[in-house]
Amino acid sequence: MSSVHDQCEVGRDLVIIPAHNEQATVGQVVRRVPEHLAGAGIIVVDDGSTDATGRVAREAGSCVLSLPVNLGMGGAMQTGYLYAAKRGYDVAIQIDGDGQHDPSQAGALIDVVRSGRANMAIGSRYLAQRRKGSSFPRRLGNAFLARYLSIVTRSRITDPTSGLRAVNRRVIEFYAREYPIDYPEPEAIAVLWRNGFRVVEVPVTMRERQGGRSSIDALRACYYMIKVPLAIAVGLLRRREIDRE
Amino acid sequence: MSRVQVLSVVACLAFLGWMFQLMRSRRLKEQDALVWLATGLLLLAFALKRDLIDQFGRAVGIAYSPTALLLVLVLLLMAILLHFSTVISTLTDRTVRLAQELALLRHDVEDAGPRADSQNESVVDQE
């Protein structure tokens, strides 16, 4: 059979790559995955891209889930978790399609999740090094969110917006049912903590984004800084999902 | 009955009649019409019995009773708008889930499909 299909349902681990108009980088990300995570399945979630993201990903050897409309990061990631839940994968790894994460860093995250030390492992840029690189408002916003999230979850979160994460089977099933919709990363941590899952950070290094643009401009940043803390606060007031079962 | 009262009653009845027509022709679902129904009936009550609004004004401590009417109207409209917002949120959730299921199905059909045909049925059996 063609290599395209062979990539699809192999292994116990699934790499989920959400991508919205990332044709410049997604191919390279996909090709780098087997170098470091041999035997893992790869699925690119093409989030209603208007460029050739889906085709590029297929040509690079990935399977592709094509969303008919742009759902945003949350909707796209949940599509990946739905896929992982249906196909029975043990571990799902999120690697953003913009190329800022190196798949070589994902192995450490998988180890943490597999060993049972945590239900989710997050690759943090800031555990090992100080905040730098990005613009001042961005650093400030990130630091604020990290602080806020650390307080509400009573654990140490330094990189709440990191898009490099690994989760185990229980979280895959949980996320398939319940995942925040837009700008989901910090909220996704809070909702796990609320439901009794363990979340730990693992130090990683990240590169500057290789192409495309960050989804966050000045106006959206304001929206982000209001919406995310509010959503987290409301989420904590909500009944635990697990109890409802 | 004063002229303005007749006018109000007629307007309320016309409004209620229009609403029922919409429900009858299935352009308005009953569960979404409940808020409107409550609004229409309350306004009708105020139009028929004019001292109702004065009583209400006195009860809540509003000296100038027309203001009380305004208060009631604003509250009703707010309730309706909030109701709409919840409906929109529900629709958003459903749209997202439908788009996700569509992507999964599309994948099954386009990518997994040929493989199941050309090899054997085991792929299908596992589902």
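Against the main long axis of the alpha-carbon atoms of chain B, helix B:65-107 sits at an angle near 10°. Mean-square fluctuations from a GNM of chain B, with a 10 angstrom spring cutoff on Cα atoms, peak among B:VAL72, B:VAL109, B:VAL96 at B:VAL109. Taking every residue in A:63-75 and counting other chain Cβ atoms within 10 Å of its Cβ, the average works out to 4. Among A:GLY41, A:VAL228, B:ILE62, which residue has its Cα furthest toward the positive end of the charge dipole of the protein assembly as shown, with +1 on Lys/Arg Cβ and -1 on Asp/Glu Cβ? Looking along the dipole axis, the top candidate is B:ILE62.
Average 1/r across all pairs of distinct alpha carbons in the protein assembly as shown, invert it, and you get the Kirkwood radius: 23.7 Å.
Rounded to the nearest 20 debye, the dipole magnitude of segment A:114-202 is 420 debye, with +1 charges on Lys and Arg beta carbons, -1 on Asp and Glu beta carbons, and the Cα centre as origin. Here chain B is treated as an ellipsoid with the same Cα gyration tensor; its semi-axes, largest first and in whole Å, are 56, 17, 9.
Of all DSSP beta bridges confined to the protein assembly as shown, the antiparallel ones make up roughly 25%.
Annotation: extensible slack from B:LEU81 through B:SER2 equals 25.2 nm (criterion: 0.36 nm per residue apart, minus Cα-Cα distance).
Placing unit charges on the Cβ atoms only, positive for Lys and Arg and negative for Asp and Glu, gives segment B:3-126 a dipole magnitude near 1100 debye about its Cα centre. Each stretch of four or more DSSP H residues adds -39500 (n - 2.57); spread over every residue of the protein assembly as shown, this sum gives -18500 deg cm²/dmol at 222 nm. Contact order, relative form, for segment B:3-126: 16 percent (alpha carbon pairs under 8 Å, 6 or more residues apart, mean separation divided by residue count).
Laboratory data are not the source of any read-out in this text; all were calculated from the coordinates shown. All values reported here derive from a predicted model rather than from experimental measurement. Positions of Cβ are backbone-derived with ideal geometry, glycine not excepted, and every protein chain shown enters the neighbour counts.
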